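Chemist: My questions will all concern the structure given below.
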Amino acid sequence: MEDDPSEAISRLYQQNLRNTRSEKNYLIGDCPFCEERGEDPYGQLVVSLQKGGFFYGYFRCQNHCVPGGFPLWFANLSGIDPEQIPGFDPDIDRIPDSSDFPSANINLEVESYVDSLTEKLRERFRASGIGTASLTELKIGFNGRYLVYPYFQEDGNCYAARCVFPDRKEDFFWHGNEAFSDPKHRIFNVQDIHRCENGSLFLCEGEDTLLALKQLGYPGVAVPDSQTLEALDPEVFSAIKTLFLVAANNAESETAVRRLASRVGYKVRPLKWTANLAKDYNLCQLARDQGEQFRAAVSSMIKSAKAFSPFATPKREFALFHEQLSLERGDSYAALQSGFPLFDKALDGIHGINVVGGAPKAGKSTFVIQVATEMALQKIPVLYYDFENGRQKIYQRTLCRLSQLSVKKIRKGIFTPEEKNQYESARRRFQGLLQYFRVVNDRQVTPEIMRRHIDFIRHETNRDFTVVVIDSLHKLPFKDFSERRTGIDAWLRQMESIRDEFHVSFLVISELSRGEGESYKETPHLGVFKGSGDIEYSADNAMVLYPDWDMLSTLPEQKRRNKLWLVASREHSPGLVAEYEVDYPFWGFTEKPAG
C-alpha cells in the first residue's frame with residue numbers, strides 16, 4: 001500500500017525540525033535556516049498541516065529569514081533529495097537559463113531605495129495592515145518621490161522596478177532595463193511560483209494587495225494591472241496546484257480574471273467580492289476597513305472561493321432554460337410575425353436565422369423591407385443593415401407602400417384630397433415605426449459593433465426580442481475579396497452566437513449561383529446559395545424567392561408573381577410556401593396561395 005502523501009509531508013517536517021509542538025492545525029519548531037544564518041534568536045518555523053486545506057505543507061519562518069514555500073522548496077533549502085518528496089516531477093526544469101538575463105542589474109540601487117523608505121510611508125502601509133517585515137522581504141523602497149517596487153526575476157536579480165507615486169497609482173514609470181518592463185516579466189515576486197510548486201499560490205492585481213496577503217503569511221505573486229493579467233502565459237502556473245486570483249472590484253478586472261482563468265483551467269479559484277462594495281474596492285481597502293478582523297475576512301473569502309468553470313452551474317443552467325421557455329411562451333415571442341399569413345403559418349413566424357435567396361431583381365429587398373417594416377409597425381425592434389439600396393430609398397418605398405401612392409407622386413407632393421388623407425395617415429404610421437426601425441449603412445460594421453447596436457435598440461425600446469436584417473450576406477465587410485468565402489462563413493458563426501446571446505432573429509438576403517445555361521431556374525435546393533457552404537449548417541430556415549415570369553417579357557408589372565420555397569428548415573417541412581404578386585407601383589407584395 002502506497003504511503004499517504006499528507007502523512008509523508010508531515011513526517012518530512014517532523015524529522016527535520018527540532019523542538020516541535022502541535023498547535024491546532026500547525027506544527028511549530030525551531031527554524032533550521034535561522035540557525036544556518038546565525039540568526040539570534042532563532043525564529044519559529046510554522047507549518048500548516050490542516051488536512052484537506054489548500055496550504056497543507058506550507059511553511060514560513062516568523063523571522064522571515066527565508067521565503068516560505070511548500071515541501072519541495074523546503075527540500076531545496078535543506079539539501080534533501082527532492083525525489084523523496086511527494087509530487088516531485090523530474091521533468092520540470094527548475095533552474096533558470098542564465099542566458100535569458102543580462103549581466104547588469106539594479107540590485108544595489110534597490111537596496112539604496114529600501115534604506116530610503118520613510119517613516120511616513122511605513123505608516124501609510126501600516127494603515128493597510130502591512131508591516132516592516134513584509135516591506136523588507138519584498139524590498140519595497142523609495143527614490144525620494146516615488147515608491148519603488150522591484151521586480152526580481154527567476155535568477156534572483158532585479159533588472160527593472162515599477163515606480164509609483166504614493167496614493168496616485170496612475171502616476172508611474174518603469175526604471176531600469178526597458179526589456180524587463182515587458183508583460184512577460186511583469187510578475188512581482190515571481191520566485192514564489194517556484195517555491196509553491198505542487199501547492200497553492202495567490203495571484204494578485206496590484207503589488208500592495210500582495211503585501212497585505214504576505215503580512216498574513218500567504219505566498220503569492222502580483223501583476224501591476226488587469227491588462228497584464230490578460231497577457232500572462234498560463235504555462236507559468238503549470239506546476240501550481242491551486243491558483244487564487246485576487247483582483248479589484250470592477251468589470252475590467254473581472255473580465256481579465258475570467259479570461260486568464262479560462263486559459264489556466266480548473267485550478268483557478270477567483271476570490272469574489274460581495275455586491276454592496278464600491279467600484280475598485282480591493283484587498284488593501286478591506287484590510288483598512290476590517291483591521292484585526294482582516295485575517296478572518298480573507299480566510300472566509302478563501303473558503304468560499306469556487307474552482308473556476310466556464311460552465312454555468314446546473315441550477316443556473318435550469319434557470320436560464322426556464323427563463324427562455326417563459327419568454328417563448330409570452331406575447332413578445334408570438335408577435336414575431338412577418339405580416340404574411342401563409343409565410344407565418346409555414347414557418348411559425350420569424351425565429352432563428354432565416355436566409356432568403358433569389359435571382360437579381362427578383363424583389364428580395366422589397367420583400368424583406370416589407371417584412372421588416374411591418375414588424376416595426378407591431379413595435380418589434382428591427383435593425384436593418386443595408387448595403388444595397390440606401391436609407392432614403394428604403395424610407396421612400398416604405399412610405400409608398402403604406403400610402404398606396406407612387407414614389408413619383410410622393411416626390412411631387414401634389415395630391416387629391418383623398419390622396420392627401422392617405423399620405424398623412426401613412427406619414428404618421430411611418431414616423432411611428434421609426435422608433436423601432438433603424439437602418440444602418442456602416443460598411444465597416446463588425447460583429448462587436450452589431451452587438452452594441454442590438455444592446456442600444458433593446459434598451460431604447462424595452463423589448464425582449466430583436467430582428468436583424470442583413471441586405472445582403474455577400475456584401476458584409478471582409479478584409480479583402482480573397483477572404484469572401486471564409487468571411488461569409490465567419491459571419492454566419494457570429495450570427496449563431498448573437499442569436500443565442502441576445503434573443504435575435506435574423507432575416508438574411510443571399511445571392512444565388514447560376515444554374516445550367518446561366519439561368520436561375522433550377523429546382524430550389526441548398527446548393528443554389530452562392531459563396532457559402534455554411535448556410536446549410538447555420539440557417540434555421542433557408543428560402544428561395546423565384547420569379548414565376550419571364551423577366552424579359554412585356555407582361556404588365558402588376559401580374560408578376562414570385563414563388564417562395566422553403567428549401568431547408570430545422571423544424572418545418574420544406575416545400576412551396578406561397579406566391580407573392582408585385583403590388584405595382586407601390587413597392588410591395590400581396591401574398592397569394594400557391595397555385
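The values are calculated or read from the model by the stated rules, or taken from the named source; none is laboratory data. The model shown is predicted, which means the values in this text are computed figures rather than measured ones. Because the Cβ atoms are built from the backbone with ideal geometry, glycine has one as well, and the counts that use them run over all protein chains shown.
Chemist: Give the residue, chosen from ALA307, ALA297, ALA275, that is within 19 Å of the chain's Cα centre (by Cα) and more than 24 Å from TRP73 (Cα to Cα).
Modeler: ALA307
Chemist: Working only within region 381-421, note down all residues that are of a type in the set (S, T, N, Q) and closer than 16 Å to GLY588 by Cα.
Modeler: Keep residues of region 381-421 that are of a type in the set (S, T, N, Q), which gives 389, 392, 396, 398, 403-404, 406, 416, 421.
Correct list: ASN389, GLN396, THR398, SER403, GLN404, SER406.
Chemist: Run down ARG391, ARG411, ARG451 and say which single residue is farther than 26 Å from SER510 by Cα, of a type in the set (Lys, Arg) and either surrounded by 15 or more Cβ atoms within 10 Å (Cβ to Cβ) or assigned by TED's automatic domain parsing to the domain that holds ILE498 (or both).
Modeler: ARG411
Chemist: Specify the residue that is surrounded by the fewest Cβ atoms within 10 Å (Cβ to Cβ); the eligible residues are those in region 1-19 that are over 46 Å from the mean Cα position of the chain (by Cα) and either over 23 Å from LEU216 (Cβ atoms) or at pLDDT below 95 (or both).
Modeler: Across region 1-19, the extreme among qualifying residues is MET1.
Chemist: For region 59-85, which positions are part of a loop (DSSP other than H, G, I, E, B) and closer than 23 Å to GLU235 by Cβ?
Modeler: First pass over region 59-85, keeping only residues part of a loop (DSSP other than H, G, I, E, B): 62-68, 70, 79-81, 85.
Within region 59-85, PRO67, PHE70, ILE85 meet the criteria.
Chemist: Condition (residue is in contact with a Ser or Thr (Cβ under 7 Å, 6 or more places away or on another chain), free of Cβ contacts under 8 Å to residues at least 24 places away in the same chain and not in a helix (DSSP H, G or I)) applied to region 29-51: is it met by at least one residue?
Modeler: yes
Chemist: Being loosely packed, with under 15 Cβ neighbours inside 10 Å and in a strand (DSSP E or B) is the filter here; which residues of region 567-592 pass it?
Modeler: Listed by number, the residues that qualify are GLY575, THR590, LYS592.
Chemist: Another question, then. If the requirement is being more than 35 Å from the chain's Cα centre (by Cα), under 20 Å from MET543 (Cα atoms) and free of Cβ contacts under 8 Å to residues at least 40 places away in the same chain, which of these qualifies: LYS345, LYS364, LYS393?
Modeler: The unique qualifying residue is LYS345.
Chemist: Hey, among VAL190, VAL264, which residue is more than 20 Å from TYR151 (Cα to Cα) and of a type outside the set (D, E, K, R)?
Modeler: Result: VAL264 is the single residue among VAL190, VAL264 that is more than 20 Å from TYR151 (Cα to Cα) and of a type outside the set (D, E, K, R).
Chemist: Tally up the residues in region 388-400 that are modelled with pLDDT of 95 or more and within 25 Å of VAL544 (Cβ to Cβ), please.
Modeler: Summing the residues that are modelled with pLDDT of 95 or more and within 25 Å of VAL544 (Cβ to Cβ) in region 388-400 gives 4.
Chemist: Whether any residue in region 397-406 is among the hydrophobic types (A, V, I, L, M, F, W, C), under 24 Å from PHE529 (Cα atoms), touching a helix residue (DSSP H, G or I) at 6+ places or on another chain (Cβ under 9 Å) and buried (at least 20 other Cβ atoms within 10 Å of the Cβ) is what I want to check. Please lay out each step first, then the result.
Modeler: Of the residues in region 397-406, the ones among the hydrophobic types (A, V, I, L, M, F, W, C) are 399-400, 402, 405.
Of the ones still in play, those that are also under 24 Å from PHE529 (Cα atoms) are none.
No, region 397-406 contains no residue that is among the hydrophobic types (A, V, I, L, M, F, W, C), under 24 Å from PHE529 (Cα atoms), touching a helix residue (DSSP H, G or I) at 6+ places or on another chain (Cβ under 9 Å) and buried (at least 20 other Cβ atoms within 10 Å of the Cβ).
Chemist: Next up: Go through region 95-207 and tell me which helices (runs of 4 or more DSSP H), entirely inside it, have 2 or more residues that are aliphatic (A, V, I, L, M) and in contact with a Gly (Cβ under 7 Å, 6 or more places away or on another chain).
Modeler: 107-115
Chemist: List every residue pair whose Cβ atoms sit under 9 Å apart, with the two residues 6 or more apart in sequence or on different chains, where the first one lies in region 290-303 and is without any contact (Cβ under 8 Å) to a residue 12 or more places away in the chain and over 20 Å from GLY52 (Cα atoms) and the second, anywhere, is among the aromatic types (Phe, Trp, Tyr) and not in a helix (DSSP H, G or I).
Modeler: Nothing qualifies.
Chemist: Just checking, which of GLY79, GLY68 is at positive phi and either free of Cβ contacts under 8 Å to residues at least 24 places away in the same chain or touching a strand residue (DSSP E or B) at 6+ places or on another chain (Cβ under 6 Å) (or both)?
Modeler: After applying the criteria, what remains is GLY79.
Chemist: Quick one: would you say VAL445 is closer than 19 Å to ASN354 by Cβ and crowded, with 16+ Cβ neighbours inside 10 Å?
Modeler: no
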